[in-house]
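Notes to accompany the following structure.
The values are calculated or read from the model by the stated rules, or taken from the named source; none is laboratory data. This is a predicted model, so every value here is computed, not measured. Please note: Cβ atoms are built from the backbone with ideal geometry, for glycine as well, and neighbour counts cover all protein chains shown. Please note that ligands, DNA and RNA were not included when accessible areas were found on the heavy atoms of the full protein model with its side chains. Shrake-Rupley method; radii C 1.70, N 1.55, O 1.52, S 1.80 Å.
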Amino acid sequence: MSEKILVIGESRDGVLRNVTFEAIAAAKKVNAGAEVVGVLCGKESLNSQAQEMIYYGADRVVTVSHEKLATYTSDGYGQAVLAIIDDENPSGIVMGHTAVGKDLTPKIASKLEIGLISDVVEINLVGDQVVFTRPIYSGKAFENKIITEGLVFATVRPNNIQSLDRDDSRSGEVVEKTVDISDLRTVIKEVLRKATDGVDLSEAKVVVAGGRGVKSAEGFKPLYELADVLGGAVGASRGACDADYCDYSLQIGQTGKVVTPDLYIAVGISGAIQHLAGMSNSKVIVAINKDPEANIFNVADYGIVGDLFEVIPILTEEIKNLKVNA
Amino acid sequence: MNIYVLLKKTFDTEEKIVVSDGRIEDDGAEFIINPYDEYAVEEAIKQRDEHGGEVSVVTIGDEDSEKQLRTALAMGADKAVLINIEETQEEGDQFTTTKILEAFFEDKEVDLILAGNVAIDEASGQVGPRLAERLGINYVTTITNLEIDGDTAKIDKDVEGDVEKIETSLPLLVTCQQGLNEPRYPSLPGIMKAKKKPLEELEIDDLDLDEDELEPKTKTVDIFLPPEKEAGRVLEGEIDAQVKELVSLLRNEAKVL
């Protein structure tokens, strides 16, 4: 019997997150010959999501639908996933390094007394050793890490491992498993949606980030408009968050989020070392700042020295035109 | 309430990272309390002031870790514990850190454990949830508000920008997210008092642990710096023309539009 690698899928508003597909690709990098078994938890039927996982490379998917799995809790999902691990006896587990991934995977690793390599951005085979690369010191350095004993267990950072092409001619078995979920110790009374009127910052392909130079909460408006035409998300520097221009959940940097989009547009951000740690591994960086000496220009691929309130609306218009003519 | 804080020292966020021989050079580096752990210390003090009890700050480290523990005591924590692993043979990982903490907590009565949601150096974010699992207590990560009433805890949890309103019960482990509070600076009287507060030092031998239980499950085989970015191009000319050029470069050269 061939080895198995579990990929724990994750959805948002009933749609699988991209990082799930990236995790499938990661599983194949860990072991190209293994059977990739998708795992999905939720309340409603998970069949269509399971099919999507198969189109993106999973060989089989196990789903658990249960009232108590409507919203993620470590207790609920923990019980479901541990039951599947027990059934499948996999040689590896991969999941996205997301809010849910970060919360769930250490619990599972601890329960099984195994290692876990979090926030992986690259996976390579050196001989027959799987080597995981992950940023440390918020991307100021990287480490290569291996599992020395037990299951291979890793979480992958969104946007770093290329998912496989969707192939809807692929087919695979979808099995619904019944798991007894005992009482949950946490009750989620309410979820206040603040972040959903845009693209998720950690998964966004384009990030438009504002700093102190944006001057006010009102000043972020043009940034939102630009992010909108680019299909991207808005982020901020610590300075902008401290000054109450926006919520801390938007903060990018050594404290705050670390992002690696294809395109990062830094607007009115001076480029303190703590901020650079959170974004300097983005693929293309554009800096717009009044101060030609701003440190951000040292990491930017392209820079415009000018007043952001003049530049951003023109840029938004130009990109709109481009999209219309495309 | 018996409140514990898990604390780690980290490089100051201003520090540049120097790598030699596949290791991070820490000679002469400034160390601070991990910024997320500072929120944990602050929250512990606030909860104690409201509900009574005692705040103990626990770190695993070396002799130099005393500095960060004294800072936490100066902020207002009551006691500190340094688990000194300088003599320990093997380089640990999150599994071993958890093992050590599990052994430490074995004979402790715990109501609340607070930790940072992540350390800004290794950034695994594993130890809090791992420890809660070993201790058989509940945990909530990335909290931005905590209200305790008897055995009940009402929590705001940050989930990638959304806020979950959670109800749970003690004993509990939480990891702290930015926005939870504004950590205080130690006052001068606080600093003076901190010098006299109890700081207990333990070694692995003092805990009910064998070194062979501390065999890590993962290993770092190399550390390296990212490739230096070449300085980019600052555009010139009228703003209109610059923006047009930028869009064209993003489309045709960088191919991101």
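If you average the alpha carbon positions of the range B:166-203 and of the range A:284-302, how far apart do those two centres end up, in angstrom? A separation of 39 Å, based on Cα centres. Based on C-alpha pairs under 8 angstrom that are at least 6 apart in sequence, chain A has a relative contact order of 14 percent. With contacts taken as Cα pairs under 8 Å and at least 6 residues apart, chain B reaches a relative contact order of 24 percent. Counting, for every residue in B:128-134, the Cβ atoms of other protein chains within 10 Å of its Cβ and taking the mean gives 6. In the structure shown, do any of A:K102/A:K140; B:K8/B:K99; B:K157/B:K217; B:K79/B:K196 have a Cα-Cα gap over 19 Å, and if so which? Pairs exceeding the cut-off: A:K102/A:K140; B:K157/B:K217. The DSSP beta bridges internal to the protein assembly as shown are antiparallel in roughly 35% of cases. For the peptides B:41-48, B:104-111, residues were scored by their other Cβ atoms within 10 Å and the scores averaged per peptide; the highest-first order is B:41-48, B:104-111. Here the range B:1-158 exposes an accessible surface that is 37 percent carbon and sulfur, computed with a 1.4 Å probe and the other protein chains kept in place.
Take each residue in A:33-41, count the other chain C-beta atoms within 10 Å of its C-beta, and the mean is 0. Sorting A:308-315, A:18-25, A:115-122, B:199-206 by average packing, meaning the other beta carbons within 10 Å per residue, from highest down gives A:18-25, A:115-122, A:308-315, B:199-206. Return the subset of A:K107/B:K16; A:K290/A:K323; A:K43/A:K194 for which the Cα-Cα distance in this structure is over 30 Å, preserving the input order. Those over the limit are A:K107/B:K16.
Summed over both chains, the accessible area lost when A and B associate is about 7300 Å², using a 1.4 Å probe. Is the protein assembly as shown best put as rounded, prolate or oblate by its Cα gyration tensor, with a ≥ b ≥ c the root eigenvalues, rounded for a/c under 1.5, and otherwise prolate when a/b is larger than b/c, oblate when not? Oblate is the answer for the protein assembly as shown, as a/c is 1.5 or above yet b/c matches or exceeds a/b. Put simply, the amide H of A:G96, placed in the peptide plane, has neighbours under 5 Å in A:V156, leaving out anything fewer than 5 places away on its chain. Amide hydrogen proximity for A:S11: with H placed 1.01 Å from N in the peptide plane, the residues at 5 or more positions away or on another chain lying under 5 Å are A:R17. Rounded if a/c is under 1.5, else prolate if a/b beats b/c, else oblate: with a ≥ b ≥ c from the C-alpha gyration tensor eigenvalues square-rooted, which is the range A:193-310? It comes out rounded by the Cα gyration axes.
Explain nothing, just the number: relative contact order of the range A:98-210, from Cα pairs under 8 Å at least 6 residues apart, as a whole percent.
22 percent
Can you tell me how chain A classifies by the Cα gyration tensor, rounded, prolate or oblate, using a/c under 1.5 as the rounded cut? Prolate shape, in that a/c is at least 1.5 and a/b is the bigger ratio.
Taking every DSSP bridge with both residues inside the range B:127-257, close to 80 percent are antiparallel. DSSP bridge analysis restricted to chain A gives an antiparallel fraction near 20%, rounded to the nearest 5. Here the 3J(HN,Hα) profile of the range A:265-281, calculated from phi with Karplus coefficients 6.51, -1.76 and 1.60 at θ = phi - 60°, is 10, 9, 10, x, 10, 6, x, 4, 4, 5, 6, 4, 4, x, 9, 5, 8 Hz, Gly and Pro shown as x.
Peptides B:118-129, A:223-234 ranked from most to least packed give B:118-129, A:223-234, packing being the mean of other C-beta atoms within 10 angstrom over each peptide's residues.
Note on A:313-321: average number of Cβ atoms from other chains within 10 Å of each residue's Cβ is 4. Any idea which of A:S91, A:Y245, A:G33 is furthest toward the positive side of the dipole for chain A, if Lys and Arg beta-carbons carry +1 and Asp and Glu beta-carbons -1? Going by the charge dipole, the pick is A:Y245.
Its Cα centre serving as origin, the protein assembly as shown has a Cβ charge dipole (Lys and Arg +1, Asp and Glu -1) of approximately 1720 debye.
For chain B, the mean residue ellipticity at 222 nm estimated from helices alone is -7500 deg cm²/dmol, where every DSSP H run of n ≥ 4 contributes -39500 (n - 2.57) and the total is divided by all residues, rounded to the nearest 500.
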